[in-house]
């Protein structure tokens, strides 16, 4: 199968690399030229939990039009630029292309449907963790399941085919009939982990080693849970806090994507994670003080990168 990965940072490269290892024709798309040049010159170097190796049968481009059309387009760009990125990559979408978002945050399905026919879009979440070490080099730092589904809950032939494709690539994948609830469940995990790691500089697993960070995690998640409950969201777990702690432990050595962004002085996704809880809370008149503090701290970090 021809697979294009739009947004080929740490997570995009992990999925692209493992799908290429399974024999698929994979092209990585990213605007970071040095990174793409390294992949094309020497292959994609992967180290960590799934083993140390270099994937040679993979290529990258910085301009989407150079990739041609794909059978499957996997979207991993930052949620803050989903619509912009998809409009710039419309040449990847052929007559039968399926578009899968595995991004963090809220609103990605809706943004993609604003650019594409909604029937093309499928969604999911990933339990894997990956760190970008340098150009053409990532570390597989956390392992978990991939869960995907049709936004309307149907058990379609294509969702079964994508799940089988991923599983064959050693990306254990399950199908959900409640994918939007799944996205909210993953959102609560990100609410509890990402901003806290970015503020403290801690790896994921260390958040549950300290009573202080564990308390902040619990408070942030409880605010998010209250917002989701008011919206009628059905979670994929009975205990979002304990589930988040489990994910933190499973990805203990991982530096969250938000911590990686702050360390590299890049824009973060806080506005579609903790900030999304703040925005939804305002609409519903539900207080979200902890998520407000976390959001504002990260936004101030972004605004003062050049002063550090």
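The values are calculated or read from the model by the stated rules, or taken from the named source; none is laboratory data. Since we're looking at a predicted model, the values are computed, not measured. In this analysis, Cβ positions are derived from the backbone assuming ideal geometry, glycine residues included, and neighbour counts consider all displayed protein chains.
Quick notes on this structure:
- Scanning the range 44-64 for residues that are surrounded by 14 or more Cβ atoms within 10 Å (Cβ to Cβ) and in a loop (DSSP other than H, G, I, E, B) yields 49, 50, 58, 62.
- Test: residue in the range 25-43 that is exposed (fewer than 14 other Cβ atoms within 10 Å of the Cβ) and touching a helix residue (DSSP H, G or I) at 6+ places or on another chain (Cβ under 7 Å): no
- Any chance residue 308 is out of contact with any strand residue (DSSP E or B) (no Cβ under 6 Å at 6 or more places or on another chain), within 27 Å of residue 77 (Cβ to Cβ) and either surrounded by 16 or more Cβ atoms within 10 Å (Cβ to Cβ) or in the same structural domain as residue 32 (by TED's automatic domain parsing) (or both): no
- Among the residues listed as 67, 98, 85, the single one being outside the structural domain of residue 272 (by TED's automatic domain parsing), modelled with pLDDT of 95 or more and surrounded by fewer than 20 Cβ atoms within 10 Å (Cβ to Cβ): 98
- Scope the range 158-194; condition part of a helix (DSSP H, G or I) and on the phi > 0 side of the Ramachandran plot; matching residues: none
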